[in-house]
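Written below as structure tokens is the structure these notes are about.
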Amino acid sequence: MDRLPAERLKSTVEWGVDGMRLKMQVGWDQITQDSKRIVKPRSCFELGGGGPNVCAVQKLIGTNKKYFTNCKQWYQRKICGKSTVISYECCPGYEKVPGEKGCPAALPLSNLYETLGVVGSTTTQLYTDRTEKLRPEMEGPGSFTIFAPSNEAWASLSAEVLDSLVSNVNIELLNALRYHMVNRRVLTDELKHGMALTSMYQNSDIKIHHYPNGIVTVNCARLLKADHHATNGVVHLIDRVISTISNNIQQIIEIEDTFETLRAAVAASGLNTLLEALLKNHIMKSAMCAEAIVAGLSVETLQGTTLDVGCSGDMLTINGKAIISNKDILATNGVIHYIDELLIPDSAKTLLELAAESDVSITIDLFKQAGLSTHLSGNEQLTLLAPLNSVFKDGSPRVDARMKSLLRNHMVKDQLASKYLYHGQTLDTLGGKKLRVFVYRNSLCIENSCIAAHDKRGRYGTLFTMDRVLTPPMGTVMDVLKGDNRFRMLVAAIQSAGLTEMLNREGVYTVFAPTDEAFQAMPPGELNKLLGNAKELASILKYHIGDEILVSGGVEALVRLKSLQGDKLEVSSKNNVVSVNKEPVAEADIMATNGVVYAISSVLQPPANRPQERGDELADSALEIFKQASAFSRAAHTSVKLAPVYQRLLERMKH
């Protein structure tokens, strides 16, 4: 226990052991110096004109559970996934007046004993009557606070516990009731997170927790109705009977038989770093009583990981699983919840185990089919770039030699963290490719694929969840264009304009590449002018080339990309469709070693483009372009009805 000393364990703990399975969760009980005060919930209602002193009550449908809600909880209209209805009632100490809004009349104060009946704790009154000393104190002079269990709280006690109380009313019952009392007036604005109040039973501590969602607990019992003033104190109604706390967390672990394996693990934690990390993954940094959980929240552990703590109906959940079997076991330095599974930290998992808890199961199946899963379960230092399942909505691809090669390029030869990646960085893959990192304002991308979720860092590898299948670059921009039959006319135009060398050398270009159909769609006169003027042709082509690499994942609502021609291109994205100058892109993210290519269905025109006037006669440069685009000639005979200018052009090409 050297590394987890008892005096430091001020925590919320969730432990349990069954055989050799270790089950635990612990959290530090930190006193917040500036904890939030309870704001009277009527503020939400009064702003709507409901009148003074009206409290909003959130009632769980199908149960008797009520929550005097605050604004934050109100709008959600759900508690632990169950629907609620909002009703309104007079706040404590006020009543309605006929003909007036809200609850303007203040009720006359009674002593503590009579106030118990007003707040719905008549059973507490009944048990008070059975003792010889307590009722006179509650009716007499003084200043006290009573955390009074509701009638339902008393009814929920087991027969065995009730028998033990009523069998000796002047000792057991009296002591139990005195433990619910404080020898001074304490209002809710004084109840701070992590504080301890001294009770009237042997000065024993009562643990107070005040959570950001407005819920206050007393020894993990929820405050139902607060601040009912009396002439000699104040009454707070709580949802259970509380009992004294005598053991700390370590002592509970040592005396409970079910924690035998856990005791051995804690003893060995100083000798085993991995085991220590496992234990710390079950220790939360703040105390968490079950009644404080009304929706999902992320809680940090001592290991630095986060656990998703939530609820579903009456069940508490950890990381979406209902594995808490026994809750709210109070210790002097925290709270223990028994759980039925080990909470293994990511830092102890393989890539396969990390992926099993993420939305990338289809990618993992592909790796298994390709015989590559051993890379994900061994001790190689790797980063897996795993596309989300939604990427494969049209079906899982067939695993062949090409797919296996592609999958190898989704494994980077190092264990990375996305926060250390930088723009222009290159990453080496197991497939022998070099991948580039692109950093944009709201996205971090590796080639055409962008990171879609937080890293999961395992023992040897890191999982990056990606938004699409990555396509490594397969040559320069010119190689890409030449290898695609859609761009034969563009390739000829680039060669005629003298831009071939530029698009073959190292660089960072974004090329919006008009297809052959885009050129064919131009009016004959405009095409003649363009192709007949080499200088104008070069200018138009440079307007299609951005001076940096912009993949589709880096496109926001609107990005203005400077072109090599000088004017800016307006690149936008809406409903997953990328457009340039408001024209939809036919295909995005064709990756090249010196840039990225977008196929477009129109030839873009610069804003201030002023082409020179020319006649119908074609220049030699235009004729050469069409001679190089032989595919266009063949297609024209079979599927395209040509304008007269193209017919004359083709006739000249035959001679």
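The values are calculated or read from the model by the stated rules, or taken from the named source; none is laboratory data. Everything numeric here is computed off the predicted structure, so don't read it as measured data. Glycine gets a Cβ as well: all are built from the backbone with ideal geometry, and neighbour counts include every protein chain shown.
Worth pointing out:
- Complete set of residues in segment 499-515 that are within 14 Å of residue 565 (Cα to Cα) and part of a loop (DSSP other than H, G, I, E, B): 499
- Test: residue 429 is in contact with a Ser or Thr (Cβ under 8 Å, 6 or more places away or on another chain), more than 26 Å from residue 578 (Cα to Cα), of a type in the set (S, T, N, Q) and crowded, with 19+ Cβ neighbours inside 10 Å: no
- Selection of helices (runs of 4 or more DSSP H) fully inside segment 370-483 by the criterion of at least 1 residues being under 26 Å from residue 548 (Cα atoms) and of a type outside the set (A, V, I, L, M, F, W, C) returns 477-482.
- Looking at 476, 500, 462, just one residue is touching a residue at least 12 places away in the same chain (Cβ under 8 Å), within 17 Å of residue 412 (Cα to Cα) and out of contact with any His (no Cβ under 9 Å at 6 or more places or on another chain), and that residue is 462.
- Only one of 435, 430, 385 that is within 24 Å of the chain's Cα centre (by Cα) and in the same structural domain as residue 358 (by TED's automatic domain parsing): 385
- Residue satisfying all of: in segment 118-147; touching a Lys or Arg at 6+ places or on another chain (Cβ under 7 Å) and surrounded by fewer than 16 Cβ atoms within 10 Å (Cβ to Cβ); nearest to residue 95 (Cα to Cα) among these: 143
- Filter result for the condition that a residue is surrounded by fewer than 17 Cβ atoms within 10 Å (Cβ to Cβ) and on the phi > 0 side of the Ramachandran plot, over 334, 371, 378: 371
- Among the residues making up segment 303-359, those that are among the hydroxyl-bearing types (Ser, Thr, Tyr) and over 22 Å from residue 285 (Cα atoms) are 312, 350, 358.
- Complete set of residues in segment 157-174 that are exposed (fewer than 13 other Cβ atoms within 10 Å of the Cβ) and among the small types (Gly, Ala, Ser): 158, 159, 167
- Subset of segment 145-199 (residues that are among the aliphatic types (A, V, I, L, M), in contact with a Ser or Thr (Cβ under 6 Å, 6 or more places away or on another chain) and closer than 22 Å to residue 209 by Cβ): 148, 182, 186
- Residue that is out of contact with any strand residue (DSSP E or B) (no Cβ under 6 Å at 6 or more places or on another chain), in a helix (DSSP H, G or I) and either surrounded by fewer than 18 Cβ atoms within 10 Å (Cβ to Cβ) or aromatic (Phe, Trp, Tyr) (or both), where the choices are 359, 365: 365
- Qualifying residue in segment 85-106 (condition: in contact with a strand residue (DSSP E or B) (Cβ under 8 Å, 6 or more places away or on another chain), surrounded by fewer than 17 Cβ atoms within 10 Å (Cβ to Cβ), of a type in the set (Ser, Thr, Tyr) and more than 20 Å from residue 236 (Cβ to Cβ)): yes
The rows are residues; the columns are (1) over 25 Å from residue 323 (Cβ atoms); (2) surrounded by fewer than 18 Cβ atoms within 10 Å (Cβ to Cβ); (3) out of contact with any Phe, Trp or Tyr (no Cβ under 9 Å at 6 or more places or on another chain).
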| site | (1), (2), (3) |
| --- | --- |
| 196 | yes, yes, yes |
| 202 | yes, yes, no |
| 217 | no, no, no |
| 221 | no, no, no |
| 230 | yes, no, no |
| 268 | no, yes, yes |
| 272 | no, yes, yes |
| 279 | no, no, yes |
| 299 | no, no, yes |
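- Pairs are defined by a Cβ separation below 6 Å, a sequence spacing of at least 6 or placement on different chains, a first member in segment 560-572 that is surrounded by 13 or more Cβ atoms within 10 Å (Cβ to Cβ), and a second member that is of a type in the set (Val, Ile, Thr) and part of a loop (DSSP other than H, G, I, E, B); the pairs so defined are 571/555.
- Put simply, of 441, 398 the only residue that is out of contact with any Leu (no Cβ under 9 Å at 6 or more places or on another chain), free of Cβ contacts under 8 Å to residues at least 12 places away in the same chain and outside the structural domain of residue 555 (by TED's automatic domain parsing) is 398.
- Restricting 218, 234 to residues that are in contact with a Ser or Thr (Cβ under 6 Å, 6 or more places away or on another chain), at pLDDT 90 or above and assigned by TED's automatic domain parsing to the domain that holds residue 56 narrows the list to 234.
- Condition met for residue 484 (out of contact with any Pro (no Cβ under 9 Å at 6 or more places or on another chain), more than 15 Å from residue 594 (Cβ to Cβ) and in the same structural domain as residue 598 (by TED's automatic domain parsing)): yes
- Number of the condition not met by residue 495 [criteria: (1) assigned by TED's automatic domain parsing to the domain that holds residue 569; (2) out of contact with any Phe, Trp or Tyr (no Cβ under 7 Å at 6 or more places or on another chain); (3) modelled with pLDDT of 95 or more]: (3)
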